[in-house]
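The values are calculated or read from the model by the stated rules, or taken from the named source; none is laboratory data. Bear in mind the structure is a predicted one, so any value in this text is a computation, not a measurement. Counting neighbours? That spans all protein chains shown, and the Cβs are built from the backbone with ideal geometry, glycine included.
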Amino acid sequence: MNDTTRTRSRRGRTAAREGVREQRRAALRLLLARADRGALTTGDAAQLRDLAEAEIAECERFRQSAGGQQTAALKLRHRIDAAEQAMREIEAERDQYAAEAEALRTTKGDQ
């Protein structure tokens, strides 16, 4: 299996994203360590900003995605609740009709 095949699957794409994320975070840690020592160059500062902006953008995308998923789950929950309510109403009608049918049978049997 080659890398192209692996990145076509969901697991492969997830692993690729995680690899990029880990590389970016490792670079962030290195640049922050340089900043702590006061050894951050102008180029390092620009790279630090770019990496931080990439992390922020990715977090925002995930936050939006999670919000959309929560909204979708809530809509499904409402649909399930409505379906369960409809089932309770139908079962109540069924029981009512069954009682009426039994009453009719009893009445006819008494005649």
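For (1) touching a residue at least 12 places away in the same chain (Cβ under 8 Å); (2) among the small types (Gly, Ala, Ser), each residue gets a yes or a no:
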position: GLY12; (1), (2): no, yes
position: LEU28; (1), (2): yes, no
position: LEU31; (1), (2): yes, no
position: ALA35; (1), (2): yes, yes
position: ALA39; (1), (2): no, yes
position: GLY43; (1), (2): no, yes
position: GLN47; (1), (2): yes, no
position: THR71; (1), (2): no, no
position: LYS75; (1), (2): no, no
Residues (surrounded by 11 or more Cβ atoms within 10 Å (Cβ to Cβ) and not in a helix (DSSP H, G or I)) located in the stretch 6-42: SER9, LEU40
Yes/no for ALA72 being touching a helix residue (DSSP H, G or I) at 6+ places or on another chain (Cβ under 7 Å) and at pLDDT 90 or above: no
Residues of the stretch 56-97 classified as within 24 Å of GLU18 (Cβ to Cβ) and either outside any helix (DSSP H, G or I) or of a type in the set (Phe, Trp, Tyr) (or both), total: 1
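Could we say that ALA45 is in contact with a helix residue (DSSP H, G or I) (Cβ under 9 Å, 6 or more places away or on another chain), of a type in the set (Gly, Ala, Ser) and surrounded by 10 or more Cβ atoms within 10 Å (Cβ to Cβ) here?
Yes.
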